[in-house]
Amino acid sequence: MYKTVKTLLIMLLLSFSLSAQVCAAAAIEINTLIEKSQAFDGQTVTVEGEAIGETMLRGEYAWINISDNTNAIGVWLKASEAQKIASFGDYRHKGDTVKITGIFSRNCTEHGGDVDIHSHSLEIIERGYNKPEEITQVKIQAALVLSFFAFLTAYIYWRRIH
């Protein structure tokens with residue numbers, strides 16, 4: 001009987017341990033972190049998103065920003081980890097999709113009260129790529145019409161002063 005109870009307790013503890021690890025690994029939307037910042041403050045969180053902007057080196061550490069299309073957040077991490085990111089998102093590029101696990105701070109005393117994540121790990125989920133620029137017919141037509149009105153306005157102005 002004692003061995004059965006002991007075995008059940010060990011299995012119960014293992015299942016709690018495994019479920020806690022699964023919960024920690026599940027990505028949380030950045031907007032949820034910000035909206036419920038008091039509940040997540042000081043907790044280990046995992047977020048996934050596109051690396052945007054550029055790496056901002058600060059000695060042995062660096063700042064990166066990530067966006068998951070709900071919001072964006074700054075991430076403080078070792079510069080060597082930040083160098084794993086090959087592509088940052090901007091108008092012409094899709095940035096690397098990264099998975100960040102770290103400590104969430106809603107009022108980081110180390111960084112002047114900012115909302116941020118101090119990363120423990122960075123994983124590249126998907127590499128970024130160049131985005132081809134699309135010039136649609138609507139854009140071309142709008143440019144032609146606006147150019148016509150600009151030249152017309154300039155011509156009328158020129159005729160009035162001469």
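Would you call Arg127 of a type outside the set (Ser, Thr, Tyr), open to solvent by 80 Å² or more (accessible area, probe 1.4 Å) and either within 30 Å of Ala27 (Cα to Cα) or touching a Ser or Thr at 6+ places or on another chain (Cβ under 6 Å) (or both)? Answer is yes for this residue. Is it the case that Asp96 is of a type in the set (Asp, Glu) and open to solvent by less than 50 Å² (accessible area, probe 1.4 Å)? Yes, satisfied. Considering the stretch 68-86, the residues that are open to solvent by 30 Å² or more (accessible area, probe 1.4 Å) and within 13 Å of the chain's Cα centre (by Cα) include one that is farthest from Gly53 (Cα to Cα), namely Thr70.
Within the stretch 28-49, residues that are under 14 Å from Asn71 (Cα atoms) reach partners that are exposed (fewer than 14 other Cβ atoms within 10 Å of the Cβ) and not hydroxyl-bearing (Ser, Thr, Tyr) with beta carbons closer than 8 Å, at six or more positions or on different chains, in the pairs Glu48/Ile125; Gly49/Asn69.
Determine whether Ala72 is out of contact with any Ser or Thr (no Cβ under 8 Å at 6 or more places or on another chain), under 21 Å from Gly112 (Cα atoms) and modelled with pLDDT of 95 or more. Here the answer is yes, as Ala72 does meet what is asked. Within the option set Leu57, Leu122, being touching a helix residue (DSSP H, G or I) at 6+ places or on another chain (Cβ under 8 Å) and either buried (at least 17 other Cβ atoms within 10 Å of the Cβ) or closer than 17 Å to Glu29 by Cα (or both) holds for one residue only, Leu122. Annotation: of all residues in the stretch 103-127 being part of a strand (DSSP E or B) and charged (D, E, K, R), the one that is nearest to Ala86 (Cα to Cα) is Glu126.
The values are calculated or read from the model by the stated rules, or taken from the named source; none is laboratory data. The structure presented is a predicted model; accordingly, all values stated were derived computationally and were not measured. Counting neighbours? That spans all protein chains shown, and the Cβs are built from the backbone with ideal geometry, glycine included. The protein model used for the area step is the full one, side chains on, heavy atoms only, and it has no ligands, DNA or RNA in it. Shrake-Rupley method; radii C 1.70, N 1.55, O 1.52, S 1.80 Å.
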